[in-house]
Each structure stands twice: as C-alpha cells, then as structure tokens.
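Rule-based calculations on the coordinates, nothing more; no lab input. If you're wondering where the values come from, they're calculated on a predicted model, not measured in any experiment. Cβ: placed from backbone, ideal geometry, glycine included. Neighbour counts: every protein chain shown.
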Amino acid sequence: MKSLFKRFLLLFILATSVVSCVENNKPNYEYMPNMYRTVPYETYGEYPVFENGQEAKLPVEGTVSRGWMPYPYENSAEGYAAAKENLQNPLPYTEDNLAEGKQLYTIYCAVCHGDDGDGQGILAEREKILGVPAYDDAGRNITEGSVYHVMYYGLNNMGSYASQTSIEERWLIDHYVMNLKDQLAGNPEREFEVETNRFNEAENLIPAVNADKEMVSKETSTTGEEEENQNEE
Ligand code: HEC
C-alpha cells in the first residue's frame with residue numbers, strides 16, 4: 001500500500017515537473033511540422049536562397065503577361081492625336097460583334113453617355129457628372145482610334161476602362177460607339193461584314209504604331225548582317 005502511494009507521488013511529481021516546463025509564450029512541440037509548414041515556398045515569404053531574400057519576383061524585363069498586349073500610344077495629346085488618326089478596329093463589323101458591343105456599352109458606358117450616346121445617361125441627368133458629350137459632337141469628331149484611346153486611358157472626368165475590359169471587349173464597344181455616332185449624326189447604317197475567322201483577324205488587336213517603319217528597320221538590319229558576314233570573309 002505504501003509503495004503504491006509512493007509510486008503515485010513520484011508520478012505526480014514527474015507529471016507536474018513536465019507540465020511546468022511548458023512556456024506559454026512559445027510554440028509547443030510540433031510532431032509533424034509538415035502539417036504546419038508548407039514545403040513549397042510561400043508567395044511573399046522570405047527565403048535566404050533568393051538574392052534579396054524575397055520569394056516574390058518582378059517579371060523578367062521586356063516580358064508581358066499572357067493575354068495582355070502593350071498599347072503603343074502614349075497618354076498625351078500627341079498620343080491621342082496619333083491614335084485618332086491611325087488606330088483602327090481590327091474586329092470585323094458583324095451583327096454579332098455589334099450586339100456584344102451593345103451589351104458591354106450598356107454595362108460600362110450608358111450610365112453617363114446614355115443608351116443613345118447623346119450624353120444624357122442617368123448620372124448626367126441627375127447631375128452627378130457634368131460635361132458628358134454626345135458622340136456626334138462635331139468639335140470632337142471621334143474616330144475608332146480615339147474611342148479606343150479614351151477607353152484605355154480615360155479622359156479628365158471619365159475614368160480608364162483598361163482594367164475592367166479586355167482588348168477585345170474594348171474593340172467590341174468601339175464598334176457600338178461608332179454605330180451610335182452614325183445614328184446620332186443621321187449617317188446611313190454601315191453594312192455588316194461577313195465574319196471569316198474572328199481569331200485570325202483579331203490576332204493582332206493592336207497593330208504596331210508604325211508597321212512600315214518596323215519592316216524598314218528589319219530590312220536594314222539584314223543588310224547590316226550581310227555586311228558583317230562580308231567583312232568576316
Ligand atoms: C462616369 C461617367 C462616364 C462613363 C461611365 C463613361 N464616360 Fe466617356 N466621357 C465622360 C465624360 C465626362 C467625357 C468628357 C471628357 C472630357 O472631354 O473632358 C467623356 C468623353 C468620352 C468620349 C469623347 C472623347 C473625345 O475624344 O473627346 C468618348 C468617345 C467616350 N467618353 C466613350 C466612352 C465609352 C466607350 C465608355 C464606356 C466604356 C465611357 N465613355 C464611359 C464620362 C463617362
């Protein structure tokens with residue numbers, strides 16, 4: 001009996017001494033650390049294996065993310081003028097494209113510009129925003145290129161739609177805006193084109209600013225190479 005009591009006492013002392021060692025401010029033992037800590041690196045984690053210790057890296061210079069194309073016109077008066085003059089809608093003017101453009105226009109633009117593009121959207125009517133022009137405003141003389149440019153960068157009170165719409169969606173809206181302009185101005189309806197293959201046609205949604213120039217420079221560079229070769233010989 002006595003020994004049993006002693007054993008209990010011993011056990012009790014042992015147990016309390018173990019428990020009393022636990023420090024509440026520190027994490028306890030981890031029996032299976034992989035359950036708590038991921039083996040792969042975490043996105044914003046710090047790891048000595050990287051140059052600056054950071055897992056998150058900047059994209060390689062000169063690369064663009066998938067589905068995104070750099071827009072070659074600057075956000076300046078010159079950029080606007082150049083886009084207005086040169087930039088053209090690469091999507092065919094088909095009934096489907098126009099219908100899609102109308103849907104997107106109704107979502108993004110009609111609150112200010114109105115369903116008819118006369119500048120009398122609900123926000124303009126309630127005077128929440130002022131100075132919304134009609135699309136047939138003669139002083140502005142909007143073009144496919146200028147409409148795209150304005151959607152991309154915004155203009156004064158009008159914000160940019162670059163983050164809310166894709167390149168293709170902006171071109172769809174563009175068709176519809178030009179259609180509204182024609183209606184307001186009383187121009188004859190533009191005839192629909194027959195769609196061949198949208199993906200082929202839309203491959204290059206933003207043509208280079210100066211395609212001719214590029215070709216010229218490529219040609220000169222080949223001649224340059226030839227010259228070099230000749231020099232080697
Ligand atoms: C919050 C209200 C608002 C919304 C929404 C809006 N706009 Fe505008 N928009 C304006 C205002 C204001 C101006 C006049 C800006 C100026 O000239 O100072 C303008 C001007 C324009 C112009 C004329 C630009 C020029 O070249 O003079 C076009 C084209 C245009 N908007 C198209 C669009 C399209 C397309 C959308 C939808 C993607 C859209 N807007 C959405 C307020 C808006």
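Some points to look at:
- Proxy reagent accessibility, fewest Cβ within 10 Å first, across Thr94, Thr143, Thr106: Thr106, Thr94, Thr143
- Counting beta carbons within 10 Å around each of Leu10, Leu205 and listing the fewest first gives the order Leu10, Leu205.
- Across region 1-128, the volume of the C-alpha convex hull divided among the residues equals 388 Å³ per residue.
- Net dipole in debye of region 122-179 [+1 Lys, Arg Cβ; -1 Asp, Glu Cβ; about Cα centre; nearest 20]: 180 debye
- Residues Val19, Val132 in ascending order of nearby Cβ atoms (within 10 Å, fewest first): Val19, Val132.
- Kirkwood analysis of the Cα pair distances in region 73-165 returns a hydrodynamic radius of 14.0 Å.
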